[in-house]
Amino acid sequence: MWLQRNLTLPAMPRGCHLMTNEVLSGLPELADLQVGLLHLFIQHTSASLTINENADPDVRGDLERHLNVMVPENAPYYEHTLEGPDDMPAHIKSVLIGPSLTIPIRAGRLALGTWQGIYLCEHRDHGGTRRVVATLNYD
Amino acid sequence: MWLQRNLTLPAMPRGCHLMTNEVLSGLPELADLQVGLLHLFIQHTSASLTINENADPDVRGDLERHLNVMVPENAPYYEHTLEGPDDMPAHIKSVLIGPSLTIPIRAGRLALGTWQGIYLCEHRDHGGTRRVVATLNYD
Amino acid sequence: MWLQRNLTLPAMPRGCHLMTNEVLSGLPELADLQVGLLHLFIQHTSASLTINENADPDVRGDLERHLNVMVPENAPYYEHTLEGPDDMPAHIKSVLIGPSLTIPIRAGRLALGTWQGIYLCEHRDHGGTRRVVATLNYD
């Protein structure tokens, strides 16, 4: 059985943001599913999806600060510079973190660990809203 | 058709560890499946799953050493420091490597390449056992 | 419903390469599928698959140049050196980018964003052809 739906995530400032509730509120049918997989796919090349700690916001801040050191703006070897200094690092960060997530479904819920939440990582300074294709495949 | 099961991976020292046999021994039904996908999902935010070289243990050592240079402990911009110097790097490494794997199933086996094995990357100094949700989706 | 097929990607020079057309031409059945997922899995440990910008080739060049800075050859802590200076960095880059992609299918097409394309990242100097297992799971 399949259910596929577009979700729109709100425009967020550059950084990593907890989005578990926004995703779940767009998929009320989850409550009826016993076993399956949820696939989330962001249709952009300068934002990414991941899973990490859902409690202390410092984790998201440290992650963003580290990404900015590991993938700096204005590296001397960048040639793709016309879209602004935040653009090429955003592409690289998106490749490293990835555009999609697959999460198991069990007994009407995502089978996340206690401390896990879904992150939207916005790598542009002004990325705007972000489109995500959610695909539920279930028994 | 679906089969979902919790696997428990043994407590391992910090580093990258070959876990193909541990995963396969927890999924004996694989031998009967002709086509499908295995999804593995680690329910933690400071350990990760990946696939890489299954032969020379130096590859796993070099990977761990590189991760420790690329994502150092005690970076001056870390604010999430109360859980120890290994904690925030563990979260970042988990984001970069990722919490899940999807592997094709073919003719009763995982369709891995000759040199591929499943790695558990333990990013904490004392991470303990790790829970993995295995979901088999098959014809 | 399932369809699984081996694809062979052509030998490419070291770097990141747009492969959307090569993948699609190997999967003509996609045109008949209404909803599902395409899973691509590269059976190697020194090349990887990702999704990023499909327009300006400078993005692929900058990505490759950045990977070479972030994961250098000849790091003093590498012990796995017998297969050449490009080998151990190739393993690390493969872990960071990952061996597989899952992409939603909608109305006979991959539900990619306007600017998204499939990349083969070849991390070896002379990697040769690369095997990819494509698995279509659909309604």
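The values are calculated or read from the model by the stated rules, or taken from the named source; none is laboratory data. Just so you know, these numbers come straight off a predicted model, no measurement behind them. What goes into the accessible areas is simple: the full protein's heavy atoms, side chains included, and nothing from ligands, DNA or RNA. Shrake-Rupley method; radii C 1.70, N 1.55, O 1.52, S 1.80 Å.
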Exercise for review: May I ask you to work out the translational diffusion coefficient for the protein assembly as shown at 20 °C, viscosity 1.002 mPa s, via Stokes-Einstein with Rh from the Kirkwood sum over Cα pairs, reported in whole µm²/s?
Suggested key: 101
Practice item. Find the centroid of the Cα atoms in segment C:116-137 and in segment C:1-30, then give the distance between the two in whole Å. Key: 7
Practice item. Quick one: among C:M70, C:M88, C:M12, which has the greatest mean-square fluctuation in a GNM of chain C with alpha-carbon springs under 10 angstrom? Key: C:M70
Review point. In square nanometres, what is one fourth of the surface area of the convex hull spanned by the alpha carbons of segment B:13-122?
Key: 7.4
**Study point:** Probe 1.4 Å, accessible area per residue of chain A, Å²
**Key:** 37
Practice item. Whenever you get a sec, compute what percent of the accessible area on segment B:1-129 sits on carbon and sulfur atoms (1.4 Å probe). Key: 53
Revision key, fill the gap. Log10 I(q)/I(0) at q = 0.26 Å⁻¹ for segment B:69-139, from Debye over equal alpha-carbon scatterers, is -1.28
Study note, to complete from the structure: Kirkwood radius from Cα pairs of segment C:1-57 plugged into Stokes-Einstein at 20 °C, 1.002 mPa s, gives D in µm²/s equal to 160
Check your understanding: Mind checking which of B:R124, B:R109, B:R60 has the largest fluctuation in a GNM of chain B, springs on alpha carbons under 10 Å?
Key -> B:R109
Study note, to complete from the structure: Asked for the total accessible area buried by C and A (1.4 Å probe, Å², nearest 100), one would answer 2700
Point to revise | Helix B:87-97 axis, angle to chain B major axis (alpha carbon atoms, nearest 10°) | key: 40
Study note, to complete from the structure: In degrees, nearest 10, the alpha-carbon axis of helix C:57-70 is tilted away from the dominant principal axis of the alpha carbons of chain C by 40
Study note, to complete from the structure: Across A:L120, A:L49, A:L30, the residue with the highest GNM fluctuation in chain A (Cα network, 10 Å cutoff) is A:L30
Review point. Under the rule of -39500 (n - 2.57) per DSSP H run of 4 or more residues, summed and divided by the residues of chain C, what mean residue ellipticity at 222 nm is obtained, to the nearest 500 deg cm²/dmol?
Key: -6500 deg cm²/dmol
